[in-house]
1. If you check E154, E162, E167, which single one turns out to be surrounded by fewer than 22 Cβ atoms within 10 Å (Cβ to Cβ), within 26 Å of G20 (Cα to Cα) and either touching a Phe, Trp or Tyr at 6+ places or on another chain (Cβ under 8 Å) or of a type in the set (D, E, K, R) (or both)?
2. Which is surrounded by fewer than 23 Cβ atoms within 10 Å (Cβ to Cβ) and either touching a strand residue (DSSP E or B) at 6+ places or on another chain (Cβ under 6 Å) or within 22 Å of D4 (Cβ to Cβ) (or both), of A89, A98?
3. Which one of R74, R110 is of a type in the set (K, R), touching a Gly at 6+ places or on another chain (Cβ under 8 Å) and in contact (Cβ under 8 Å) with a residue 12 or more places away in the chain?
4. Would region 215-227 turn up any residue that is at pLDDT 90 or above, farther than 18 Å from A262 by Cβ and not in a helix (DSSP H, G or I)?
5. Pick out the one residue from F135, F124 that is surrounded by fewer than 18 Cβ atoms within 10 Å (Cβ to Cβ), of a type outside the set (D, E) and touching a Leu at 6+ places or on another chain (Cβ under 6 Å).
6. Where residues in region 190-209 are part of a helix (DSSP H, G or I) and out of contact with any helix residue (DSSP H, G or I) (no Cβ under 6 Å at 6 or more places or on another chain), which of them is farthest from M32 (Cα to Cα)?
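The values are calculated or read from the model by the stated rules, or taken from the named source; none is laboratory data. Note that the structure is a prediction, hence the values are computed from the model and not measured. Reconstructed Cβ throughout: ideal geometry from the backbone, glycine too, with neighbour counts over all protein chains shown.
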Amino acid sequence: MKPDAKLKTAMDETRLLILGAQILMGFQLNGMFQDGFDTLPRVSRNLDVAAFGLITLAVALLITPSLHHRIVERGEVAPEIHRVASACAGLALLPLAATLGLDILIVLDRHYGLAAAAIVGLSFFSGAMLLWFVFPVIRRRPDVKETPMQKQNETPLHAKVEQMLTEARVMIPGAQALLGFQMAVMLTSGFDKLPSSSKLLHTAALCCMGLAIILLIAPAAIHRLSFLGEDSEEFHDLGSRLIVLAAAPLAGGIALDLYVAATKATESSSIGTTIAVLAAVVMIGLWLAYPTARRMNSEAAP
């Protein structure tokens, strides 16, 4: 398989994973503002906060390869970006499976009790782990070897543009899922009971997510309206910058709503602040700080 096609396949697989993650992330936020959430036992509410943190980690890992490719490799196909995509996808499966199990436990706890809910939730977590990790290892064929991926001297422009648009599609599901639920949350009675500070932070999170979506949709609009669908280096560079810019408000919106949700669930602003800051550090570190440092080091190397 050609290197550019191999990388596109990896990004397409990441899109499949993040489409599943976006549903769980949307539920984490929306569920905490439903009337039934306040009737849950404290242990279930705390587990819901943990699930929100875990799904945020999964989304952070799944978006990392796109920004690494934009910032470090500047859209060029290289062996390292394929390794980063494979590693991040593999790591993201664990928090994704854990979130699925925890969410099922939380919604069943209210109707069937913690013990029964824990059994069902653990069963789903175990099933996911078996099918996503154990089964692939068992089915691995010893006669199938991975073809070493060589760095292309010059990635075709069409491939670079296609990959850039694919990476925008990788990032946008998390933003669109949260934005929709952010709007819905503001119409619930649970939101009306929040302190004014949390309401303002949620509004700021909504604005951050709206900005991220505007930036992520912009490359497709510019490609179609300004460049009439034709590929060019100018469009590739502009689209790449817009995608990188979208990472900051995306991280900000997720972190702010993590604070609001965690503070509401735990009734502790210090816990909410700790979780939100930790999430922001992880996202900014994976998406912007580390790739920028790598790029600076590569540029400084002789």
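1. Working: E154 fails: within 26 Å of G20 (Cα to Cα); E167 fails: surrounded by fewer than 22 Cβ atoms within 10 Å (Cβ to Cβ).
On inspection, the qualifying residue turns out to be E162.
2. Values: A98 fails: either touching a strand residue (DSSP E or B) at 6+ places or on another chain (Cβ under 6 Å) or within 22 Å of D4 (Cβ to Cβ) (or both).
Within the list A89, A98, the selection yields A89.
3. On the way: R74 fails: touching a Gly at 6+ places or on another chain (Cβ under 8 Å).
Result: R110 is the single residue among R74, R110 that is of a type in the set (K, R), touching a Gly at 6+ places or on another chain (Cβ under 8 Å) and in contact (Cβ under 8 Å) with a residue 12 or more places away in the chain.
4. The initial filter retains those residues of region 215-227 that are at pLDDT 90 or above, namely 215-227.
Within this subset, residues satisfying the condition of being farther than 18 Å from A262 by Cβ are 215-227.
Checking the rest, the ones that are also not in a helix (DSSP H, G or I) come to 226-227.
Within region 215-227 (the criterion being at pLDDT 90 or above, farther than 18 Å from A262 by Cβ and not in a helix (DSSP H, G or I)), the answer is yes, since at least one residue qualifies.
5. Working: F135 fails: touching a Leu at 6+ places or on another chain (Cβ under 6 Å).
That would be F124, the only listed residue that is surrounded by fewer than 18 Cβ atoms within 10 Å (Cβ to Cβ), of a type outside the set (D, E) and touching a Leu at 6+ places or on another chain (Cβ under 6 Å).
6. Going residue by residue through region 190-209, those that are part of a helix (DSSP H, G or I) are 190-192, 196-209.
Among the residues that remain, those that are also out of contact with any helix residue (DSSP H, G or I) (no Cβ under 6 Å at 6 or more places or on another chain) are: 190, 192, 196-197, 199-200, 203, 207.
Details: G190: 8, D192: 13, S196: 17, S197: 17, K199: 14, L200: 17, T203: 16, C207: 20 Å.
Step by step, filter region 190-209, then rank; the result is C207.
Here's the yes/no breakdown for (1) within 22 Å of T14 (Cβ to Cβ); (2) touching a His at 6+ places or on another chain (Cβ under 9 Å); (3) not small (G, A, S):
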{"position": "A175", "(1), (2), (3)": "yes, no, no"}
{"position": "K193", "(1), (2), (3)": "no, no, yes"}
{"position": "S196", "(1), (2), (3)": "no, no, no"}
{"position": "A205", "(1), (2), (3)": "no, no, no"}
{"position": "A220", "(1), (2), (3)": "yes, no, no"}
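This table checks each residue for (1) free of Cβ contacts under 8 Å to residues at least 24 places away in the same chain; (2) farther than 18 Å from I71 by Cβ; (3) among the aliphatic types (A, V, I, L, M).
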site	(1), (2), (3)
A246	no, no, yes
A262	no, yes, yes
S269	yes, yes, no
N297	yes, no, no
